[in-house]
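The structure appears right after this line, and notes come after that.
Read-outs: derived from the displayed coordinates by stated rules, not from any lab. It should be emphasised that the depicted structure is a prediction, and the values quoted were computed from it without experimental measurement. So basically every Cβ, Gly included, is an ideal-geometry build from the backbone, and we count neighbours across all protein chains shown.
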Amino acid sequence: MLEVLLASTDDAPAWGLSICRDADLGSGTVYPILDRLKGHGWASSWTETEPHPGRPPRRYYELTAQGRSLTTSALEARRARQQHVLR
C-alpha cells in the first residue's frame, strides 16, 4: 500500500478504491491504515472538488514530505531484509 501511495503523482493522485485495487487489499484494511498514516503525519487527504456526475466525490490521499521520506526508508529496509533472507 505504501508503494501505491509513493507512486501517485499530482497528475494521478491515489483515491481510496484505486488504492484498494492497486494494493490488492480490501477497504476494511486500506481505510484504517490511511487513517493511521494521517494520524501520524505520514499522509494527508482532500475531497475532489471537480464535478463528479454519477458518483460521490473521491477522497484523494498523498504522502506528506515526512511520510515520503519515512516510506522510502521503510521500503529500502524491507528490500535489504528480503535480500539477506534470499542469500
Exercise for review: Using Rg/Rh (Cα atoms, Kirkwood Rh) as the read-out, say which of [x] 0.92; [y] 0.97; [z] 1.04 was calculated from these coordinates.
Suggested key: [z]
Exercise for review: Let me have the 222 nm mean residue ellipticity of the chain computed from DSSP H runs of 4+ only, each contributing -39500 (n - 2.57), with the sum over all residues rounded to the nearest 500.
Suggested key: -17500 deg cm²/dmol
Study note, to complete from the structure: For the range 2-86, whose charge dipole is built from +1 on Lys and Arg Cβ atoms and -1 on Asp and Glu Cβ atoms, the candidate among S27, G54, H84 with its Cα farthest towards the positive end is H84
Practice item. Report the charge-dipole magnitude of the chain in Debye, nearest 20, computed about the Cα centre from +1 at each Lys and Arg Cβ and -1 at each Asp and Glu Cβ. Key: 400 debye
